[in-house]
Ligand SMILES: Cc1cc2nc3c(=O)[nH]c(=O)nc-3n(C[C@H](O)[C@H](O)[C@H](O)COP(=O)(O)O)c2cc1C
C-alpha cells in the first residue's frame, strides 16, 4: 500500500494524507496552520468562533507563511431555541462559580443568526481559501455549490455511516468520520448524540463501504501507527486534533500544554455541561460538578454563551478547574515538539514499516 499517495492527497494537492484539525477557540494559530502545510500536510484554521475580520487577518498571515494549500473550518449554524427555564437553571447552578471568580451578572443570551456564518463564508470565497471544512451539520445546497463553483474543495463531518451518506448526497467531496475517541465537540447532527458515539475502528470500514467519496479518519490518531491503521481500514487521510495541541505553534497557553502532557487515556470525558453540545475534554472540577446537571442546561450555543466568561476568567487565572480543555482519548501520547517535528516523526514511523 502506498500510504501517502491517496485520493485525498491528489484532490488537496498535499504530500501526506495528514490534516491538522481546525480547532476553534485559539489553538490553530496561523503559525500552526502554515507549519503543517509547509511540512506537506494540510493545516486548518479553526474559524468557528471567529469574526469575519479576524478570519481575514489570520488568512493573510497564513498566506505570508506558506504558499501551500490550507483549510478553514466553520460551524454550520443550528436552530437554537432559547429556553428561559433552562437559562435560569444554568445561571442558578453556575452562580457560586461566578462568585468564586468575582464575575458580575451572567451575560444576556443571544439567538444565533445566519449572518455571522454568511460573513465567514464570504471571507472564504473572497480570499479564495483552497479548502473549507464543516462540522455540526451540512450547509445548504446553494452554499456547497457556490464553494465548488469557486473551486474551493469542501469537506463535511459525520459521526455515523448515515451521516456520511447524507454528506455525500449533499455534494460534499470528502467526509471526516469522527470517532468517539475524538477530542472537542461531537459533529453529530442527524442522530441522537448517544448513537453517534461510534469508535473510529468500527466507523472507518463501514463508512468506506457505504460511500464513494474519500473518507478522512479522526479520533485518537496521534502517531504513525494510528495513521497507518486508519489507512489500512480504508481511510484516504487522517485528521488529527489533540496531537497538534501541544505543539510549539499551538495557541493554547503553556500551562495548559504542560497539563495535557500529564494526562492519560482515562482522563477525558464527553460532557455537554460547558456548551450545551457534547464534547470530549479533560475531566476537571467543572465537569464533576455540572455534568450530572447537563440535561437541565440550554442547548448549544446558548449554554456556551452562559459559561464563556467563566472559562475565560479561569484561563486568565491559570485555574484548570473551571475551563474546558478539549482533548481526545489519545492525550497520553501527546508530545512537546514543533509541528514540523511531529509531522517528521509520523512520516519516519510509517517509513519504518516500509510501506
Ligand atoms: C481542542 C479541540 C478543538 C476542536 N475544535 C474543532 C472545530 O472547531 N471544528 C471541528 O470540525 N472539529 C474540532 N475538533 C475535533 C477535530 O476535528 C477532530 O475530530 C478531533 O480532534 C479528532 O480527535 P483527536 O483529538 O483524538 O485527534 C476539535 C478538537 C479539539 C481537540
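Things worth noting here:
- The set of residues in region 264-316 being farther than 24 Å from residue 189 by Cβ and under 16 Å from the mean Cα position of the chain (by Cα) consists of 282 alone.
- For region 128-159, the set of residues classified as part of a loop (DSSP other than H, G, I, E, B) and more than 22 Å from the chain's Cα centre (by Cα) consists of 150, 151, listed by residue number.
- Helices (runs of 4 or more DSSP H) lying entirely in region 51-126 (those with 3 or more residues that are assigned by TED's automatic domain parsing to the domain that holds residue 309 and away from the ligand (no atom under 16 Å from the Cβ)): 84-100
- Of the candidates 293, 274, the single residue that is outside the structural domain of residue 47 (by TED's automatic domain parsing) and more than 16 Å from the ligand (Cβ to nearest atom) is 293.
- Hey, residue 269 free of Cβ contacts under 8 Å to residues at least 24 places away in the same chain, surrounded by fewer than 22 Cβ atoms within 10 Å (Cβ to Cβ) and either touching a helix residue (DSSP H, G or I) at 6+ places or on another chain (Cβ under 7 Å) or outside any helix (DSSP H, G or I) (or both) or not: yes
- Residue in region 112-119 that is surrounded by 14 or more Cβ atoms within 10 Å (Cβ to Cβ), modelled with pLDDT of 95 or more and more than 22 Å from the chain's Cα centre (by Cα) present: no
- Those residues of region 1-33 which are more than 12 Å from the ligand (Cβ to nearest atom) and in a loop (DSSP other than H, G, I, E, B), in sequence order: 1, 2, 3, 4, 5, 6, 13, 14, 15, 16, 17, 29
Per-residue answers, yes or no, for (1) closer than 18 Å to residue 263 by Cβ; (2) free of Cβ contacts under 8 Å to residues at least 12 places away in the same chain; (3) part of a loop (DSSP other than H, G, I, E, B):
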{"position": "290", "(1), (2), (3)": "no, no, no"}
{"position": "299", "(1), (2), (3)": "no, no, yes"}
{"position": "303", "(1), (2), (3)": "no, no, no"}
{"position": "309", "(1), (2), (3)": "no, no, no"}
{"position": "315", "(1), (2), (3)": "yes, no, no"}
{"position": "335", "(1), (2), (3)": "yes, no, yes"}
{"position": "346", "(1), (2), (3)": "no, no, no"}
{"position": "349", "(1), (2), (3)": "no, no, no"}
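- Checking each residue in region 231-260 for being within 17 Å of residue 215 (Cβ to Cβ), away from the ligand (no atom under 11 Å from the Cβ) and buried (at least 18 other Cβ atoms within 10 Å of the Cβ) picks out 231, 233, 235, 236, 237.
- Options 191, 215, 200, 131; residue that is without any contact (Cβ under 8 Å) to a residue 60 or more places away in the chain, touching a helix residue (DSSP H, G or I) at 6+ places or on another chain (Cβ under 7 Å), crowded, with 22+ Cβ neighbours inside 10 Å and outside the structural domain of residue 301 (by TED's automatic domain parsing): 215
- Index of the failed condition, residue 76 passing every other in (1) buried (at least 24 other Cβ atoms within 10 Å of the Cβ); (2) touching a strand residue (DSSP E or B) at 6+ places or on another chain (Cβ under 7 Å): (1)
- Against the list (1) surrounded by fewer than 24 Cβ atoms within 10 Å (Cβ to Cβ); (2) more than 9 Å from the ligand (Cβ to nearest atom), the condition residue 226 fails is (2).
The values are calculated or read from the model by the stated rules, or taken from the named source; none is laboratory data. Keep in mind it's a predicted model, so treat the numbers as computed, not measured. Counting neighbours? That spans all protein chains shown, and the Cβs are built from the backbone with ideal geometry, glycine included.
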